[in-house]
Amino acid sequence: MYVCFALLLDHDIHNRIRKMVHQLISTHQVGIETALLPQHVSLKQSFFVPQMEEVEQYFDHFAARIRSFSITFHAVDLIHQKRGDTDTQVLWLDIQEDRELRGLHNRLNQDLSRGLQIPNSGFDGDGYHFHSTLAYGSGRYEEFQAMKNELNSSFIEMSCEIKEIAMFYSMDALLPGRFITHKILPLHEK
């Protein structure tokens, strides 16, 4: 199975972002995959685990060591990925990176590698970019570029206090829409 650890956004920001997602779904017919999980910020690329128990124990321990903190969304951005014949677009809210986020990512990579022999995946490491996904697409680069420009024309920077962390999993694939929420834990107050 595949697992992802993610920070959950507060209700106000979650709801504001979901209005953007609803606009994208109803106006531009993007898929609903990103709306199936709570709006979140992944802390690391999803990773494979043979069984849940060990990684869930680690998740509980990891969450217990984190204090609440603030994050800031400063723009809408678009990533265009080409792998062979596959042409994928990811529209996301770009997060202003800080020491807290980078430290959590690095700690996860180190702990999981040492303790559970889980290697870094994909973009993990120094190149990992913190974001909250709005929509996915395939073969629609120009259309997604227009969506990005449209959203940025009225975008106002927004911040929220991160108070919860979630563990998501998928039994069979690293595909959008295949993950479910397994567990949500509170972070310690500042």
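Calculate the spin-label point distance for Ala146 paired with Lys183, positioning each point 7 Å from the Cα along the beta-carbon direction, and give it in nanometres.
For the pair Lys183/Ala146, the computed spacing is 4.6 nm.
Rounded to the nearest 500, what is the 222 nm mean residue ellipticity of the chain from helices alone, with -39500 (n - 2.57) per DSSP H run of 4+ residues and division by all residues?
Details: 4 runs with 62 residues, N = 190.
Theoretical 222 nm ellipticity from helices: -11000 deg cm²/dmol.
How would Met1, Met147 rank on accessible area, largest to smallest, probe 1.4 Å? Before the final figure, lay out each step's value.
On the way: Met1 35, Met147 0 Å².
These residues rank, largest area first, as Met1, Met147.
Tell me which residues come under 5 Å, amide H to amide H, from Ala135 once H is placed; ignore anything under 5 positions away on its chain.
Here the answer is Leu91, since their amide H atoms fall under 5 Å of that of Ala135.
Tell me the relative contact order for region 73-177 as a rounded percent, counting alpha carbon contacts under 8 Å between residues six or more apart.
Once normalised by length, the contact order is 36 percent.
Using the Cβ atoms and a cut-off under 9 Å, what net charge is assigned to the surroundings of Asp77, where Lys and Arg are +1 and Asp and Glu are -1?
Net charge in that neighbourhood comes out at 0.
Given axes a ≥ b ≥ c from the Cα gyration tensor, I'd like to know whether region 81-141 is rounded (a/c under 1.5), prolate (a/b larger than b/c) or oblate. Numbers along the way, then the final one.
On the way: a/c = 3.33, a/b = 1.59, b/c = 2.10.
Oblate, since a/c reaches 1.5 and b/c is not below a/b.
With each label point set 7 Å from Cα along the Cα-Cβ vector, what nm distance links Ser70 and Asn120?
3.0 nm
Sticking with the crude label model, points 7 Å out along Cα→Cβ, report the distance from His14 to Asn106 in nm, one decimal please.
3.1 nm
Which is farthest toward the positive dipole end of region 89-190 among Met158, Ser132, Pro119, measuring Cα position about the Cα centre, with Cβ charges +1 (Lys, Arg) and -1 (Asp, Glu)?
Going by the Cα projections, it comes out as Pro119.
What is the Å³ per residue value for the convex hull set by the Cα atoms of region 72-190? Let's see the in-between values first.
Details: hull volume 17.2 nm³, N = 119.
Convex hull volume per residue, Cα atoms: 144 Å³.
On a 21 Å Cα-Cα criterion, which of the cross-link pairs Lys19/Lys44; Lys44/Lys163; Lys148/Lys183; Lys82/Lys148 come out too long?
Details: Lys19/Lys44 26 Å; Lys44/Lys163 18 Å; Lys148/Lys183 32 Å; Lys82/Lys148 19 Å.
In this structure, Lys19/Lys44; Lys148/Lys183 lie more than 21 Å apart at Cα.
For region 129-190, which GluC sites (Glu not before Pro) are in a loop by DSSP, counting at most 12 other Cβ atoms within 10 Å? Walk me through the intermediate numbers first.
Working: sites: Glu142, Glu143, Glu150, Glu157, Glu161, Glu164, Glu189; in loops: Glu157, Glu189.
Answer in residue order: Glu157, Glu189.
Report in % the part of the accessible area of the chain that belongs to carbon and sulfur, leaving out ligands and nucleic acids; probe 1.4 Å.
Working: 4830 of 9860 Å².
It is 49 percent, rounded to a whole number.
So what's the gap between the Cα centers of region 49-101 and region 159-190, to the nearest angstrom?
For region 49-101 versus region 159-190, the Cα centre distance is 10 Å.
Test of understanding: what is the full-extension gain from Ile156 to Glu56, defined as 0.36 nm times their sequence separation minus their Cα-Cα distance? Each step should come with its number before you reach the end.
Working: separation 100, 0.36 × 100 = 36.00 nm, distance 3.67 nm.
Answer, rounded to one decimal: 32.3 nm.
The values are calculated or read from the model by the stated rules, or taken from the named source; none is laboratory data. All values derive from a computational prediction rather than experimental measurement. Ideal geometry is used to build each Cβ from the backbone, glycine not excepted, and the neighbour counts take in all protein chains shown. Accessible surface is based on the protein model in full, side chains and every heavy atom, while ligands, DNA and RNA are left aside. Shrake-Rupley method; radii C 1.70, N 1.55, O 1.52, S 1.80 Å.
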